[in-house]
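In what follows, a single structure is set out as structure tokens and then discussed.
The values are calculated or read from the model by the stated rules, or taken from the named source; none is laboratory data. Model, not experiment: these values are computed from the prediction. Cβ: placed from backbone, ideal geometry, glycine included. Neighbour counts: every protein chain shown.
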Amino acid sequence: MKRRSEKIMLALFMGGALLLFGWYNASKPSILVLHSYDPDYAWVRDINVGLNRVLDKKYLYQVRWYYMDTKRHPSPGYKASAGTAARNVIATMRPDVVIAIDDDAQEYAARHFAADPHIAIVFAGVNREAADYGYARAPRVTGILERIPLDAMREALQSAIGLGLQGRPIRVAYLGDRSETVDGDAAQVSHYDWRPLRLGGVLQVDTWPAWQAAVTDLGAANDVLLVSGYRRLRRSAADPTLVPAREVVAWTEAHSPRPVISFNAFYTEDGGMLAIGTSPYEQGEVAAALALQVALAHRAAATLPVRTSAQFIVSMRGASMRTRGFVLPRVYEAAARTGNQYLP
Amino acid sequence: MMDALGADAARLQEDVLIGGASPPSMARLLAQASRRHFGAGSPIYAAGAAADCFYLLLEGEVELVSPLGSRRAVRAGRFGEEAASAAHAYLTGAFAVADTTVLCLPRAAMQALARANPLLQTDLLLSLTSHLAGETLARAPLPAKPPAPGYRRHAAPGWLLVIVLALLTLAFGARLGIGDGGVIFLAIFAATVAMWICNLVDDYIPALFALLATLLTGLVPVPVVLSGFASDGFLMALSTLALGTVVVSSGLGYRVMLLLLRRLPNRQRWHNLGLFATGLVLTPIIPTANGRIALLGPFYADMVDNLRMERRGRAATRLALSCFSGGTLFSAIFITSKSVNFAVFGLLSPQGQDHFQGMAWLQAALVTAAVLLLAHVAAAVSGCRNAERPQLPAARVAQQCALLGPLTSREWAALGGIGFMVVGIVTSSLHKVQAPWLGFAMLFGLLLCGTLDKKELKEQVDWTFLLYLSGITGIVAAFNHLGLDRALGAHLPALGDSMREHFGLFVLLLYLLINLVRLAAPSNAVTVILATILMPLAQVNGVNEWLVGFIILVFSEAWWLPYQCSYYLQLQELNRGAPLYDEARFLWLNALLNLARLLAVYAAFPWWHLLGIR
């Protein structure tokens, strides 16, 4: 039997603890990580690695994750529906900061809250311009733009042993699918000053037969074929089924007459030879750091300048490099090994 | 309608026996109650008819008729009590003497009521007996509950201490130079420790509080704080608790004790050896000291009586010491002999758990065990010299063994489980299966064969301990995840230095500290708190963490005054009324054994050095 004094103290302890924990949780800022794609996608996985490196003190803020999964379901109907669901999540959760990653998350969800006075938006993985989503003068928006590492790619090609010995500029061509992300990549490639290399063509296709034809044609006319997105290729004009990424890469590596290099590091995971890609870790780390500046340090998002990706990573499949006879200075292999991106 | 229902409810409450049931039982019962009317002279039920209803008289008059025709008026307005018992038929007939209205309560409802209110069945049996005897027979009132134990009186200040300690840690914790997360966790830990030390609630509740608070604040990832529920120690503890349940409930433990006494020579030293050896055999099998003393204690009392030992004499005191030491002296020696050992095991690093999960724990503890054994022998021999020549009635022991009959299938299963574990652990280098998985396999076998049924698994296995174990494992995991182990090492450099450079001195200080804290705090709490703090510190300072945990276990078992030791209180209970042994002498000898614990640890230093444990 508890005494009255014990009951009072027990009630005080329980009530105090509940109030304390309730207050603590209620006063924590909340962050919503809104991904355009799914968690199994290598790009997303590595961005999450970067995010978690910075968001490692979960007791200071609440973090919730939401995946729109538009990479595997690219139809306009699905995207519109996923966007509505994502907007509902934001409207219900009312997070202090939304970290919106990749273009679909901006297009279908985040941009609708750009003028919301209580929600800050930190974007990442954006291939297009921030202004395309109405972020240019938004007071509560900042982020990091994803720009493919064209300088790094040009340097690598120039340093490739045996590639520029024909007495003419190295010719490169770019091939990608017709996704919004690749639109941005293609625009960057087109507008880049490739000198002393020469850009032999930029092509976007949406079907598997068209891809196969382009690989053969562009490969025949150029020294190197550059690729980025290839997950949105329909089996045929009549069959909307998407061709698995590994099948695309296996065929491309087997049939391209020239070396194929990607701007996405996960290309080697899909079976490719070499990639010099934007660092997903940097995208995650910078986005998370900006979000914490807003959420914890109470900095106005507009005072935090929009960044542009500065880091790149090298991923390499050694066997394919040897088979193709494509040789880069040793430092590239060392970089891939250091970043745990080297496959024997 | 409402009036009738109100009257029915009032009648239920008015009945002295039924009205004493719990309010939820009464509410359920009312839903099953119905009224019945009987004209004057009409039968209500016949003797031998199915006992399907219990009746409460609302109006009229009823008489009971025995099978031989004798009549009795119903007493206290109730009859048909057989419906609440295991009897399926009425013992008497019942008929209405005048126009009668009764409240009929179906058998199923009465059985449920009896299950929910255990004393009611006895009361209704006495009510039925009263009808037949013609006079009211009633159960004597239960003795008043004993006053709350000592710690209870300090509950209110204890809760105050919990609150104040947590708030002080929150307010000043940052001065320790640890991060916000560490400070919040230390506040939770301080509140948990205060709850343990002040003994405010059962041991497992503070551990659950720590888990809950850590989860609510999100201080560490969920898999870290809940890692205890998926640990090796959890499975080992569950398996051992289950095996212990089967050993006790099958009667195997009692049979072993009888067999030992029957086979050993019928002389005082062998009686002591028999009782001591029984406790020793039970030590690794029954994972609670309280459980072992509960089994050995009554047998000790029987032996004192049957051997006609002098009450409070030295022989009886020596036997008490043998009984108590047999069941408790080696609690730290076997990993499976006490639940808190699993807690210490759970605090070991994965490498440590791999190493000490099999026979390695016992091997490392052998010298300590040997010294404790010698100390016990010395205390029992020199402290209880006597000239008594007690003889155990061999015929009675033989008859008891005969009554037990051959080994039952459950005893065989318990033996099989023990054999499986022993053989499995000894041969682990061949089959490469770790001890926790062997234990799990044994548990699965016991369940599959029905040796351990669902009811026993639910009610006999100490699930609260498993919650406690998982809780403290999670606390330590969170402690390490937040880097508090390293911070502790940095803030307690003197303690770390002492542990590393002057281990002998450290052991002495630890002994003094534990005995000081044990004056106020229970053994398990002291073990867990000190192990939580000192084992990570040991790891940081390059001292074997098992060694520190083991020494804490050995020292925490020491007790000087009866209130410090719950399982001694069980033995002491036997000594109330007509005392069996000389308690003062027993306590002195126990004090010597407490000192022997320190000696046993020092004596094991060379052995540990030889094993590379340092």
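The condition (being at the interface with chain B (Cβ under 9 Å from one of its Cβ atoms) and in contact (Cβ under 8 Å) with a residue 60 or more places away in the chain) is satisfied by just one residue among A:Leu60, A:Leu20: A:Leu60.
The single condition among (1) hydrophobic (A, V, I, L, M, F, W, C); (2) outside any helix (DSSP H, G or I); (3) assigned by TED's automatic domain parsing to the domain that holds A:Glu155 that A:Ala297 does not meet is (3). Of everything listed in (1) exposed (fewer than 13 other Cβ atoms within 10 Å of the Cβ); (2) more than 30 Å from B:Leu167 (Cβ to Cβ); (3) within 24 Å of the chain's Cα centre (by Cα), the single unmet condition for A:Asp56 is (2). One residue stands out among those in segment B:154-167 that are more than 17 Å from B:Ala210 (Cα to Cα) and surrounded by fewer than 20 Cβ atoms within 10 Å (Cβ to Cβ): the one that is nearest to the other protein chains (Cβ to nearest Cβ), which is B:Leu160.
The set of residues from segment A:301-326 being touching a helix residue (DSSP H, G or I) at 6+ places or on another chain (Cβ under 8 Å), within 21 Å of A:Ile121 (Cβ to Cβ) and part of a loop (DSSP other than H, G, I, E, B) comprises A:Leu304, A:Val306, A:Ser309.
Scanning segment B:595-605 for residues that are touching a residue at least 12 places away in the same chain (Cβ under 8 Å) and surrounded by fewer than 18 Cβ atoms within 10 Å (Cβ to Cβ) gives B:Leu599, B:Tyr602, B:Ala603, B:Phe605. Of the residues examined, A:Ser228 is one that is in contact with an Asp or Glu (Cβ under 6 Å, 6 or more places away or on another chain), of a type in the set (Gly, Ala, Ser), under 20 Å from A:Leu328 (Cβ atoms) and crowded, with 20+ Cβ neighbours inside 10 Å. For segment A:1-27, residues that are modelled with pLDDT of 90 or more and in a loop (DSSP other than H, G, I, E, B) total 0. Note on segment B:75-184: enclosed helices (runs of 4 or more DSSP H) holding 1 or more residues that are modelled with pLDDT of 90 or more and not basic (Lys, Arg) are B:107-116, B:155-172. Within segment A:70-93, residues that are closer than 26 Å to A:Ser30 by Cβ reach partners that are of a type in the set (A, V, I, L, M) and in a helix (DSSP H, G or I) with beta carbons closer than 6 Å, at six or more positions or on different chains, in the pairs A:Thr70/A:Ala82.
Apart from one condition, B:Asn272 fits all of (1) within 14 Å of chain A (Cβ to nearest Cβ); (2) touching a Lys or Arg at 6+ places or on another chain (Cβ under 8 Å); the exception is (1). Of all the residues in segment B:208-230, those that are buried (at least 22 other Cβ atoms within 10 Å of the Cβ) and under 27 Å from B:Leu438 (Cβ atoms) number 1.
For B:Asp485, are the conditions met, namely being in a helix (DSSP H, G or I), in contact with a helix residue (DSSP H, G or I) (Cβ under 6 Å, 6 or more places away or on another chain) and among the charged types (D, E, K, R)? So B:Asp485 fits the description; yes. The residues of segment B:250-277 that are within 22 Å of B:Glu388 (Cα to Cα), in contact with a Ser or Thr (Cβ under 8 Å, 6 or more places away or on another chain) and without any contact (Cβ under 8 Å) to a residue 60 or more places away in the chain, listed by number, are B:Leu260, B:Leu273, B:Leu275.
Report yes if some residue within segment B:403-418 is in a loop (DSSP other than H, G, I, E, B) and more than 30 Å from the chain's Cα centre (by Cα); otherwise report no. The answer is no; no qualifying residue exists. List the number of the failed condition for A:Ile101; all other conditions in (1) among the β-branched types (Val, Ile, Thr); (2) touching a residue at least 12 places away in the same chain (Cβ under 8 Å); (3) out of contact with any Ser or Thr (no Cβ under 7 Å at 6 or more places or on another chain) hold. Of everything listed in (1) among the β-branched types (Val, Ile, Thr); (2) touching a residue at least 12 places away in the same chain (Cβ under 8 Å); (3) out of contact with any Ser or Thr (no Cβ under 7 Å at 6 or more places or on another chain), A:Ile101 misses just condition (3).
Could you list, ordered by first residue, the pairs with Cβ atoms under 7 Å in which the first is in segment B:565-580 and in the same structural domain as B:Arg308 (by TED's automatic domain parsing) and the second is modelled with pLDDT of 80 or more and basic (Lys, Arg), at least 6 apart or interchain? Between residues of segment B:565-580 that are in the same structural domain as B:Arg308 (by TED's automatic domain parsing) and residues that are modelled with pLDDT of 80 or more and basic (Lys, Arg), the close pairs are B:Ala578/B:Arg311; B:Pro579/B:Arg311; B:Pro579/B:Arg312; B:Leu580/B:Arg311.
Within segment B:504-525, being crowded, with 19+ Cβ neighbours inside 10 Å and part of a helix (DSSP H, G or I) holds for B:Phe506, B:Val507, B:Leu510, B:Tyr511, B:Ile514, B:Asn515, B:Ser523, B:Asn524, B:Ala525. For segment B:196-210, residues that are in a helix (DSSP H, G or I) and at the interface with chain A (Cβ under 9 Å from one of its Cβ atoms) total 1. Taken as a whole, the condition of being within 30 Å of A:Val141 (Cα to Cα), surrounded by 18 or more Cβ atoms within 10 Å (Cβ to Cβ) and under 22 Å from the mean Cα position of the chain (by Cα) does not apply to A:Ser315. Close Cβ contacts (under 6 Å, 6 or more residues apart or on different chains) running from residues in segment B:211-232 that are more than 14 Å from chain A (Cβ to nearest Cβ) to residues that are surrounded by fewer than 23 Cβ atoms within 10 Å (Cβ to Cβ) and of a type in the set (S, T, N, Q) comprise B:Asp232/B:Gln353.
Restricting the search to helices (runs of 4 or more DSSP H) fully inside segment A:143-228 and requiring at least 2 residues that are in contact with a helix residue (DSSP H, G or I) (Cβ under 7 Å, 6 or more places away or on another chain) and at pLDDT below 90 gives A:180-191. Output yes when any residue across segment A:327-338 is assigned to a loop (DSSP other than H, G, I, E, B) and touching a helix residue (DSSP H, G or I) at 6+ places or on another chain (Cβ under 8 Å), and no when none is. Yes, segment A:327-338 contains at least one residue that is assigned to a loop (DSSP other than H, G, I, E, B) and touching a helix residue (DSSP H, G or I) at 6+ places or on another chain (Cβ under 8 Å). Somewhere in segment B:442-450, is a residue touching a helix residue (DSSP H, G or I) at 6+ places or on another chain (Cβ under 8 Å) and closer than 30 Å to B:Ala187 by Cβ? No: zero hits.
Looking at A:Ile148, is it crowded, with 20+ Cβ neighbours inside 10 Å and touching a Gly at 6+ places or on another chain (Cβ under 9 Å)? Break it down stepwise before answering.
Working: crowded, with 20+ Cβ neighbours inside 10 Å: yes; touching a Gly at 6+ places or on another chain (Cβ under 9 Å): yes.
Taking the combined requirement at face value, the residue satisfies it.
The C-beta contact set for segment B:385-409 (first residue surrounded by fewer than 15 Cβ atoms within 10 Å (Cβ to Cβ), second residue among the β-branched types (Val, Ile, Thr), distance under 8 angstrom, 6+ apart or interchain) comprises B:Ser409/B:Thr451.
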